[in-house]
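Derivation of every value follows stated rules applied to the coordinates shown; laboratory data play no part. These figures come from a predicted structure and were not determined experimentally. No Cβ is skipped: glycine too gets one built from the backbone with ideal geometry, and neighbour counts run over all protein chains shown.
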Amino acid sequence: MWDFFETVRRRHSVRKYQTDMAVEAEKLNAILEMACAAPSAGDLQAYKMIVCTTTADRKALSDAAHGQTFVAEAPVCVVFCADPARSAEKYGARGSTLYSVQDATIAATYAQLAVVAAGMASAWVGSFDEAQVRTALDIETELTPVALLAIGYPAELPEPTPRRPLAEIIRSR
């Protein structure tokens, strides 16, 4: 098992999956548990996860994601939804508009890293028609879909992409 730094370095957005290899239930459960271990504002966990494993659901998500076919090809796609009302109870408008979205995306990030640690790959999808996702999965109106995470065994690993130098990103005071 590699350490955290190696896990982060091995994370790449994968868009080709082995379609004949299912994600084992115990691995998927471990990934979802790690998502729930993510920090959240006030420990409220103001999010829901919808786990899509059926061909029909993944195809509907692929369509909602502007035809990104890998979403349907991956054996699992998890939809991370913010729960604005849950955050608003404690934090008001800022909780509703910001903290709940942060909670959902931090959980998705933890899931993405857990996928790598489990020997698989993923791709985060933010480009999708929210109304179409809502309709396809019959998502409650109080939830806001914020990210799709396609998960599976990679059919290929992309080359690492260059990262901006720290000097371009960091501002010290």
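Can you tell which of Arg94, Arg134, Arg15 shows the greatest fluctuation in a Gaussian network model of the chain with Cα springs below 10 Å?
Between Arg94, Arg134, Arg15, it is Arg94 that shows the largest mean-square fluctuation.
Quick one: what Rg and Dmax do you get for the stretch 4-154 from the alpha carbons, in Å?
So, for the stretch 4-154, Rg and Dmax equal 14.8, 46 Å respectively.
Please express the shape of the stretch 86-173 as an equivalent ellipsoid: the semi-axes are the square roots of 5 times the eigenvalues of the C-alpha gyration tensor, given largest first in whole angstrom.
That gives 27, 23, 12 Å for the three semi-axes.
Between Thr141 and Val51, what FRET efficiency follows from the Cβ-Cβ distance if R0 is 22 Å, with the result rounded to 0.05?
0.60
Under 19 Å from the Cα of Lys90, which aspartates and glutamates turn up, not counting those fewer than eight places away in the same chain?
Partners found: Asp43, Asp103, Glu142.
State, to one decimal in nm, how far the label point of Gln132 lies from the label point of Ala155, with both points 7 Å from Cα in the Cβ direction.
Each label point lies 7 Å from its Cα, and together they span 2.1 nm.
Which distance in nm do the two modelled labels at Arg163 and Ala93 give, with both placed 7 Å along the Cα-to-Cβ direction?
A separation of 3.7 nm, rounded to one decimal place.
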